[in-house]
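Worksheet: the structure to be examined is printed underneath.
The values are calculated or read from the model by the stated rules, or taken from the named source; none is laboratory data. All values reported here derive from a predicted model rather than from experimental measurement. Virtual Cβ from ideal backbone geometry, glycine too; neighbours counted across all protein chains shown. With ligands, DNA and RNA removed, areas are computed over all heavy atoms of the protein, side chains included. Shrake-Rupley method; radii C 1.70, N 1.55, O 1.52, S 1.80 Å.
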Amino acid sequence: IFSNASLKHGGNGSFELVSVSGPAQASSGDASTCQDTSYFATGRTSTLTHQSRKGGSVTGSYRSVTEVVGPQTFSGQSAIAEKYTSTVLSGPGSGTTSTGFSYYQVQGLKEYSIGSFGSDITSVYSPPMVFDYSVSSGQSFTTTYTITSTGKGFSSSSTMTSTVTFQGFEDVTVPAGTFAAACKWLTSQTTPGATPYTYTMWNTNKGVNLKIQSGDEITELVS
């Protein structure tokens, strides 16, 4: 629970997070406190604005609107569908908007990404990409999956291995405010023949991505 949150009513029962301060969740314990399954409740909506920085300079910003549209079938599997609309506000591609759907399954402390659809391209993850909230600080989990993407006259597949380490809880300050005890994750992704991509991510337990950092490239929550 946040000790101080500022919200702006967006109509139709949705609210926009303007600023937050105070403890987001417990400062100790395992990663189970980082999960809130109400994030996948049908009708849940959010509007978040992020900006990107490189070497200390702002390079762009974008707004993402997400809505859980409810149970659906995707690639023959039962799933929870989430619609997203992302608009580039500044920087490269300014003014462009993309819309699509992501599909998930939730089984206890594990959340599975099974695929996505957008720009007339369907991507299926086999086996599903897993995110495991049962780990304790310092523990890791690894998942290897193949992404098969198809569209009009288009088909490709690639295999990716993702290793995620839960690094506990850490206070983090971004333009949206100061968040105490944010969940901190270190992720390393590899594909055959490519250089591993490593980044650190800070989230609240309400599904809000606060900050992602890879080297001197940072994406952070503005509002």
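Could you tell me which residue out of VAL135, TRP185, GLN167 lies farthest along the dipole of the chain toward its positive end? Charges go on the beta carbon: Lys and Arg +1, Asp and Glu -1, centred on the Cα centre. Selected residue: TRP185. Evaluated with a Cβ-only charge set (Lys, Arg +1; Asp, Glu -1), region 98-208 carries a dipole of roughly 120 debye about its Cα centre, given to the nearest 20.
If you work out Kirkwood radius over Cα pairs in Å from the coordinates, which of (1) 18.6; (2) 24.0; (3) 17.6 do you get? Computing Kirkwood radius over Cα pairs in Å and matching it to (1) 18.6; (2) 24.0; (3) 17.6 gives (1). How large, in Å, is region 99-223 by the Kirkwood hydrodynamic radius built from its alpha-carbon pairs? One over the average 1/r among Cα pairs gives 16.0 Å for region 99-223.
Using Cβ point charges alone (K and R +1, D and E -1), the dipole size of the chain about the Cα centre works out to roughly 300 debye.
For region 197-214, putting each phi into the Karplus relation 6.51 cos²θ - 1.76 cosθ + 1.60 with θ = phi - 60° gives couplings of 10, 10, 8, 10, 10, 10, 10, 8, 7, 9, x, 8, 7, 8, 7, 10, 9, 9 Hz, in residue order, rounded to whole numbers and with x for Gly and Pro. Taking 20 Å as the straight-line reach from the Cα of LYS184, the aspartates and glutamates in range (excluding those fewer than 8 positions away in the same chain) are ASP30, ASP36, GLU111, ASP132, GLU170, ASP171, ASP216, GLU217, GLU220. Accessible area per residue for the chain, computed on protein heavy atoms with a 1.4 Å probe, is 50 Å². The slack between THR173 and SER86, meaning 0.36 nm per residue of separation minus the straight C-alpha distance, is 29.0 nm.
Among the listed pairs LYS83/LYS152; LYS54/LYS110; LYS83/LYS206; LYS54/LYS152, a Cα-Cα separation exceeding 28 Å is found for LYS54/LYS110; LYS54/LYS152. Note that region 40-102 shows a convex hull volume over its alpha carbon atoms of 101 Å³ per residue. Which residues among region 118-136 fall inside the zone where the amide N is under 19 Å from a point 7 Å beyond the Cα of SER155, along Cα→Cβ? Backbone N within reach: 118, 120-127.
For region 152-157, backbone phi angles converted through the Karplus equation (6.51, -1.76, 1.60; θ = phi - 60°) give residue-by-residue couplings of 5, x, 9, 7, 7, 8 Hz, Gly and Pro being listed as x. Packing here is the average count of other Cβ atoms within 10 Å per residue, and on that basis the peptides 192-201, 132-141, highest first, run 132-141, 192-201.
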